[in-house]
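Trainee: Have a look at this one.
Throughout, read-outs are computed from the coordinates displayed, never taken from laboratory work. This structure is a prediction, so every number in the text was calculated from the model and none was measured. Because the Cβ atoms are built from the backbone with ideal geometry, glycine has one as well, and the counts that use them run over all protein chains shown.
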Amino acid sequence: MNWFTNTLGTSVGKKLMMAVTGLCFCGFLTVHLIGNLTLYGGKNLFNAYAEHLHSLGPVITVAEWGLLTLAIIHILTGLTLFLGNLNARPERYAVNKSAGGRTLGSSTMPYTGILLLIFIVLHLVNFHFADRTYQTIYHIVSRVLSRPEYVFIYVAAVIIAAIHVSHGFWSAFQTLGANHPKYMPFIQGAGLSFSVIVGFGFGFIPVFIFSIAG
Amino acid sequence: MTTAKNISLTLKVWRQKGANVRGKLETYQAKDISTDMSFLEMIDVVNEKLTLDGQDPIAFDHDCREGICGMCGAVVNGRAHGPEKGTTLCQLHIRHFSDGDTVVIEPWRSRAFPVIKDLAVDRGALDKLIQSGGYISANTGGAPDANTILIPQEVAEKAMDAAACIGCGACVAACPNASAMLFVSAKVSQLALLPQGRPEAAQRALSMLRKMDELGFGACTNERECEAECPKEISISNIARLNREFFKAGFFSSVK
């Protein structure tokens, strides 16, 4: 397997891992968002959705471990690349100016990534590892999101995720080599649309829960 | 036609005596500079005065001064080769500045490009990249007949666009990660697109990319600054092609 690790160990190999795991997370975000939309249907629909998910049993366990593996690959590879890139320019410029290539998303990728990691830990503590013996998942969600500080954190995290995805989506395709004069504008448009959908789709949920819980 | 006039600029220039000496920005006045002058001619004028004053002139690389050799280059006010698009430093003219402007001039910054003196950096790393695979091995002999290998116009154009690279290193200087991906991708693309380059394409992609990592260049994060600053406006679609060539070579070819 030497050729395999040799290839993945190069800078482009690492980027390949970032691209593949990143696109998997885009898929996860889509499924997660569709599931979360059941919150608009009220307590019973959301609880039924959660129950249905848990009834899948081993499938969910495999999916959870899969996501954890993807996250570990994405985080460790990302940090390695970030530190390597910092190291590639030991002396910084006194004046830095963009020529117009960088975007808010592209220039903040490592930072939005680290903030998202912190948020995901908090998010899992809030909901995934919460004690569900005496309360349904809907109760947990409405209790957490009835507190304005949590609403703020969740909305901020969603905006950060949208910024991360706004660069990550098209960048993944470019890294995979899928840059074609006919399709690239569509891929970039799809990436921006996806980040807007993620932003508004997830972003309104905490506000909605807060408004009906209050 | 605009008439020439003279303007004065305040320069903050990176001065560094040698590779292992700490450098700093020094301030100089460039007085009565004709707007028809090129940026390098403006430095020539400043250097003449420095020399007459018994000071060390500012060291900078230059050769053709026609925008085709790739020797010149500096970061001007945070922009590689200055603020104009598709322009080398020697082709940047003073008419793009206003009287009284402060202009900060720094060398290319990259671990792979150590400063030799002032604005002159050692770009030998780019030569090492070429030596690692940026060529074709051809047996010499009788010249082949013309048109024995047919190349469609569109492919020839793409290869020529990639071959426009003059190896100035602006892509590395402009990249937030000091990556040489645009340079490597231009060289790999130029050869991979043409039939003469195909036999060694897999080995070339693997060797040049490994060499790039080894030389201390950063990794590409698709910031697109290289494409925006390249004086020959080489497209990042070449980077996507390099990635494809690399994956093909790494995962599907027998080359190790």
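Trainee: Projected area of chain B, taken from the Cα convex hull and averaged over every viewing direction, in nm²?
Mentor: Averaged projected hull area, Cα only: 17.1 nm².
Trainee: Rg to Rh ratio, segment B:6-106, alpha-carbon atoms and Kirkwood radius? Spell out each step's value before the answer.
Mentor: Numbers: Rg = 13.0 Å, Rh = 13.9 Å.
With Rg and the Kirkwood Rh in hand, the quotient comes to 0.94.
Trainee: Another question about this same structure. log10 I(q)/I(0), Debye, Cα-only chain A, no solvent, q = 0.14 Å⁻¹?
Mentor: With no solvent term, the Cα-only Debye profile gives -0.98.
Trainee: If you don't mind, another one. To the nearest Å, what is the center-to-center distance of segment B:50-105 and segment B:121-146, using C-alpha atoms only?
Mentor: So the separation of the two Cα centres works out to 30 Å.
Trainee: Moving to a separate point now. Sorted from fewest to most neighbouring beta carbons within 10 Å, what does the list B:Asp161, B:Asp36, A:Asp131 look like? Please report the intermediate quantities before stating the final value.
Mentor: Values: B:Asp161 19, B:Asp36 14, A:Asp131 7.
Lowest to highest Cβ neighbour count: A:Asp131, B:Asp36, B:Asp161.
Trainee: So, one more: Pop the C-beta distance of A:His139 and A:Gln188 into the FRET formula with R0 = 35 Å and round what comes out to the nearest 0.05. Could you put the intermediate results ahead of the total?
Mentor: Details: r = 42 Å, r/R0 = 1.19.
Efficiency, rounded to the nearest 0.05: 0.25.
Trainee: Which ordering of B:Lys256, B:Lys128 is given by a fewest-first count of other beta-carbon atoms within 10 Å?
Mentor: Working: B:Lys256 12, B:Lys128 16.
If I rank by nearby Cβ atoms, fewest first, I get B:Lys256, B:Lys128.
Trainee: Ok, one more. Can you divide the C-alpha Rg of the protein assembly as shown by 2.2 N^0.38 Å and report the result to two decimal places? It would help to have the intermediate numbers written out before the result.
Mentor: Working: Rg = 26.9 Å, N = 470, 2.2 N^0.38 = 22.8 Å.
Rg over 2.2 N^0.38 Å, computed on Cα atoms: 1.18.
Trainee: Still on this structure, please answer the following. Calculate how steeply helix B:181-192 sits against the longest principal axis of the alpha-carbon atoms of chain B, using the helix alpha-carbon long axis, and give the answer as 0 to 90 degrees to the nearest 10.
Mentor: Value to nearest ten degrees: 40.
Trainee: Here's another thing I want to ask about it. Please arrange B:Cys64, A:Cys24 by how many other C-beta atoms lie within 10 Å of their C-beta, fewest to most.
Mentor: Working: B:Cys64 13, A:Cys24 18.
If I rank by nearby Cβ atoms, fewest first, I get B:Cys64, A:Cys24.
Trainee: Could you let me know the centre-to-centre spacing of segment A:1-74 and segment A:107-148, using Cα atoms, in angstrom?
Mentor: Segment A:1-74 and segment A:107-148 have Cα centres separated by 16 Å.
Trainee: Which value in nm describes the separation of the simple spin-label points at A:Asn96 and B:Gln153, placed 7 Å from the Cα toward the beta carbon?
Mentor: So the two model labels end up 4.5 nm from each other.
Trainee: Right, something else. Considering amide H positions built from the backbone, and no H for Pro or chain starts, which residues 5 or more places from B:Val104, or on another chain, come under 5 Å of its amide H?
Mentor: B:Lys12, B:Asn77
Trainee: Follow-up. Quick check for me: using +1 on Lys/Arg Cβ and -1 on Asp/Glu Cβ, what's the dipole size of chain A about its Cα centre, in debye to the nearest 20?
Mentor: Values: 11 positive and 5 negative charges, 102 e Å.
Computed about the Cα centre, the dipole is about 500 debye.
Trainee: Using only Cα atoms and rounding to the nearest 10 degrees, what angle (0 to 90) does helix B:237-247 make with the longest principal axis of chain B?
Mentor: Roughly 40 degrees between the two axes.
Trainee: Rounded if a/c is under 1.5, else prolate if a/b beats b/c, else oblate: with a ≥ b ≥ c from the C-alpha gyration tensor eigenvalues square-rooted, which is segment A:118-170?
Mentor: On the way: a/c = 3.05, a/b = 2.02, b/c = 1.51.
Here segment A:118-170 falls in the prolate category.
Trainee: Hand me the chymotrypsin sites (Phe, Trp or Tyr not before Pro) from segment A:131-214 located in a DSSP loop with no more than 13 other Cβ atoms within 10 Å, in residue order please. Intermediate values should be presented prior to the final figure.
Mentor: Working: sites: A:Tyr134, A:Tyr138, A:Tyr150, A:Phe152, A:Tyr154, A:Phe169, A:Trp170, A:Phe173, A:Tyr183, A:Phe186, A:Phe194, A:Phe200, A:Phe202, A:Phe204, A:Phe208, A:Phe210; in loops: A:Tyr134, A:Tyr183.
Of the chymotrypsin sites (Phe, Trp or Tyr not before Pro), the ones in loops of segment A:131-214 whose Cβ has at most 13 other Cβ atoms within 10 Å are A:Tyr134, A:Tyr183.
Trainee: Determine, from the Cβ-Cβ distance of A:Asn2 and A:Leu45 and an R0 of 41 Å, the FRET efficiency 1/(1 + (r/R0)^6), rounded to the nearest 0.05. Spell out each step's value before the answer.
Mentor: On the way: r = 52 Å, r/R0 = 1.28.
Calculated value: 0.20.
Trainee: Now for a separate question. Name the helices (complete DSSP H segments) of chain A with a Cα length along the long axis of 24 Å or more and a Kyte-Doolittle mean of at least -0.5, or state none.
Mentor: Numbers: long enough: A:11-36 (36 Å, 1.16); A:58-87 (43 Å, 1.43); A:148-175 (40 Å, 1.11); A:184-213 (44 Å, 1.76).
Counting only whole DSSP H runs, the qualifying helices are A:11-36, A:58-87, A:148-175, A:184-213.
Trainee: Give the percent of DSSP beta bridges with both residues in the protein assembly as shown that are antiparallel, rounded to the nearest 5.
Mentor: Beta bridges within the protein assembly as shown, antiparallel portion: roughly 75 percent.
Trainee: Ok, one more. Going by alpha carbons, how many degrees (0 to 90, nearest 10) lie between the helix axis of B:153-163 and the longest principal axis of chain B?
Mentor: Approximately 50 degrees, to the nearest 10.
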